[in-house]
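> Quick one: the structure is below, and I'll ask about it shortly.
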């Protein structure tokens, strides 16, 4: 197995893409350091300016400035190596965020939490590469067919995010039962997606790399996905437990302390199931004690504060800051295996041991 992989003219010495994690978990410190050591660092576009002084009075301006600032800072840390950004389709400002990311100069946009059907149009005539995040062979087929039919464009890469991932999941609740999870191991999902990609590789005359993510925690997990045909893996939770992660120490400590019993599937105001670490805040959500009185952020298209169980924007901002009385921590299904905080460099070396 080779350690290096390419996305077009973007070259990486390690087959690792760091998953984009919001709000504010993967900003310039984490993403820049991952790219510095040979992987692809990815920022999250969700409310990037939440800790800026003008966020409360002008969130759009704060978020736009943060997108530029963190890109420049990440590039400086990375030695000008590639930097990506994850932009959720479910975001109210999705289209504008994509345009802003292109204008800023991000090397690649990852788009999931919804179907990024118009992403080729939004990035047309730019050098920014585009990669949809999909959950199945069926979704891969749908997006590939739509992009080609309407834009004559094929993705620069595809991320297959399996059911063991953290954060928002592209699966139904019934697909997340222990029985169903056992039938949907990530390596088993890879060949079907590769089948859908192959005809489009022939059409465009280039390789379309597949990046597999969801529950990848160890070097053995990484090797298993590569052996199944993936070009690289996407990893989120392991990178939270690094000194360079942009989250608070309390957030990182919660990840390290989590047991298997602490990890649960929750209902997100985004209309998707999510995987998170159980705490009192989530208990109060279930009891109906966290229903918002207004919509202070307007971050998600599908969220109606009148029916939402809680304000996910405020909860994730609080969580990032370490206020776990008013927020929580998203995590992957194998977060209980994370036992210590390390450095990005040491983690990437650990994950790629025994590769050629």
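We did not get these values from a lab; they are worked out from the coordinates using the rules stated. In this text the structure is predicted, and so the values were computed from the model without any measurement. In this analysis, Cβ positions are derived from the backbone assuming ideal geometry, glycine residues included, and neighbour counts consider all displayed protein chains.
> Which order do peptides 191-201, 131-141 fall in by mean Cβ count within 10 Å, highest first?
Put in order of decreasing packing, that is 131-141, 191-201.
> Which value in nm describes the separation of the simple spin-label points at residue 13 and residue 92, placed 7 Å from the Cα toward the beta carbon?
A separation of 4.4 nm, rounded to one decimal place.
> Just to confirm my numbers, what's the Cα centroid distance between region 262-281 and region 65-101 in Å?
26
> Same structure, new question: Would you compute, from DSSP H runs of 4+ residues alone, the mean residue ellipticity of the chain at 222 nm, taking -39500 (n - 2.57) per run and dividing by the full residue count, rounded to the nearest 500?
-11000 deg cm²/dmol
> Now a separate question. State the label only: which of (i) 1.38; (ii) 0.91; (iii) 0.99 corresponds to Cα Rg over 2.2 N^0.38 Å computed from the shown model?
Computing Cα Rg over 2.2 N^0.38 Å and matching it to (i) 1.38; (ii) 0.91; (iii) 0.99 gives (ii).
> Another one. Which order, highest average first, do 20-26, 75-81 follow once you tally other Cβ atoms within 10 Å for each residue and take the mean per peptide?
Per-residue Cβ counts within 10 Å, averaged per peptide and sorted highest first, yield 20-26, 75-81.
> According to a simple spin-label model (label point 7 Å from Cα along Cα-to-Cβ), what is the distance in nm between residue 149 and residue 260?
4.4
> Evaluate the Kirkwood expression for the hydrodynamic radius of region 250-321, namely the inverse of the mean inverse distance over all pairs of different C-alpha atoms, and round to one decimal in Å.
Kirkwood hydrodynamic radius for region 250-321: 13.0 Å.
> Among DSSP beta bridges lying fully in the chain, give the percent that are antiparallel, nearest 5.
30
> Sticking with this one: Could you state the number of Å between the C-alpha centres of region 34-50 and region 113-172?
Cα centres, region 113-172 to region 34-50: 19 Å.
> For region 47-193, just run the numbers: alpha carbon Rg, then divide by 2.2 N^0.38 Å, N being how many residues it has.
In units of the globular-protein estimate, region 47-193 measures up at 1.16.
> If region 125-168 were replaced by its equivalent ellipsoid, with semi-axes equal to the square roots of 5 times the Cα gyration tensor eigenvalues, what would those be, largest first, whole Å?
Three semi-axes, in Å: 22, 14, 6.
> Can you order the peptides 39-47, 211-219 by their average number of other Cβ atoms within 10 Å per residue, highest first?
39-47, 211-219
> Tell me the Kirkwood hydrodynamic radius of region 160-240 in angstroms, computed as one over the mean inverse distance between distinct C-alpha pairs.
Final number for the Kirkwood radius of region 160-240 is 13.5 Å.
> Extension gain residue 349-residue 207, at 0.36 nm per residue separation less the Cα-Cα distance, in nm?
Fully extending the segment from residue 349 to residue 207 adds 48.5 nm.
> In addition: Quick check: Cα centre of region 7-29 to Cα centre of region 321-355, how many Å?
For region 7-29 versus region 321-355, the Cα centre distance is 15 Å.
> Report D for region 193-351 in µm² per second (integer): Stokes-Einstein, Kirkwood Rh on Cα pairs, 20 °C, 1.002 mPa s.
Answer, rounded: 122 µm²/s.
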